[in-house]
Amino acid sequence: MSAAAEIFVSALIVIGAVFTLVGSWGLVKLDAPMSRLHAPTKAGTLGVGSVLMASMCYAFIWRDGSAHELLITAFLFVTAPVSAMLIAKVAIFRRTNVQELPPPPTDTTWATHDTGERAIKSSSASENRGGNTATPG
């Protein structure tokens, strides 16, 4: 059983190293930002996830198991899509000329490119509303 477990853990480490290497290579070699998104988010996540799986298997087979690797894996799978979305938003923003952008929406719940004039109006309107809530009478 020990030899099979060692082979399994070693295979997970090699698979993780290959995925991480491919993700790093794709990040360096691909030139367009939207193409570069797939390398670190897909291959890198699978590579690090595989190495963390090997670490979990090793910890539970030969030592006292711990949930540290599971927490790291959960954090990785939550943050990778967020970083990909932010990189995509920056790439879209840089590709679009500022004059070609659509006007920002009227509500303030969505993050968009805002001109200085509207931002000043919106901040002065919120200052006028915020202080006194009593009605004159």
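Using R₀ = 22 Å, calculate the FRET efficiency as 1/(1 + (r/R₀)^6) where r is the Cβ-Cβ separation of Phe8 and Leu76; round to 0.05. Don't jump to the answer; show the numbers that get you there.
Working: r = 21 Å, r/R0 = 0.96.
Rounded to the nearest 0.05, the efficiency is 0.55.
Take the alpha-carbon positions of the range 2-95, form their convex hull, and give its projected area averaged over all directions (one quarter of the hull surface) in nm². Could you put the intermediate results ahead of the total?
Values: hull surface 24.5 nm².
Mean orientational projected area (the range 2-95, Cα hull): 6.1 nm².
So what J values fall out for the range 71-77 if you push phi through Karplus, 6.51 cos²θ - 1.76 cosθ + 1.60 with θ = phi - 60°, rounded to Hz, Gly and Pro as x?
5, 5, 5, 4, 4, 5, 6
Using the alpha carbons of the range 1-48, what is the convex hull volume per residue in cubic angstrom, as a whole number? Mind showing how you got there, number by number?
Values: hull volume 2.0 nm³, N = 48.
Cα convex hull per residue, to the nearest whole number: 41 Å³.
What list of ³J(HN,Hα) couplings, whole Hz, do you get for the range 3-17 from phi and the Karplus terms 6.51, -1.76, 1.60, once you set θ to phi - 60° and write x for glycine and proline?
Result, ordered by residue: 5, 5, 5, 5, 5, 4, 5, 5, 5, 5, 5, 5, 4, x, 5 Hz.
Compute the length gained on full extension between Met85 and Phe60: take 0.36 nm times their separation in residues and subtract their Cα-Cα distance, giving the result in nm to one decimal. Kindly include the intermediate steps, with their values, before the conclusion.
Values: separation 25, 0.36 × 25 = 9.00 nm, distance 3.49 nm.
This chain segment gains 5.5 nm when fully extended.
Along the positive direction of the dipole of the range 2-95 (beta-carbon charges: Lys, Arg +1; Asp, Glu -1; about the Cα centre), which of Ile15, Pro40, Ala67 reaches farthest?
Pro40
Evaluate the charge dipole of the range 2-95 about its Cα centre and quote only its size in Debye, nearest 20, assuming +1 on the Cβ of each Lys and Arg and -1 on the Cβ of each Asp and Glu. Show your work: numbers first, answer last.
On the way: 7 positive and 4 negative charges, 121 e Å.
The dipole of the range 2-95 has a size of about 580 debye.
Readers should treat all values here as calculations from the given coordinates under stated rules, not as data from a laboratory. From a predicted model like this one, the values you see are computed outputs, not experimental measurements. In this analysis, Cβ positions are derived from the backbone assuming ideal geometry, glycine residues included, and neighbour counts consider all displayed protein chains.
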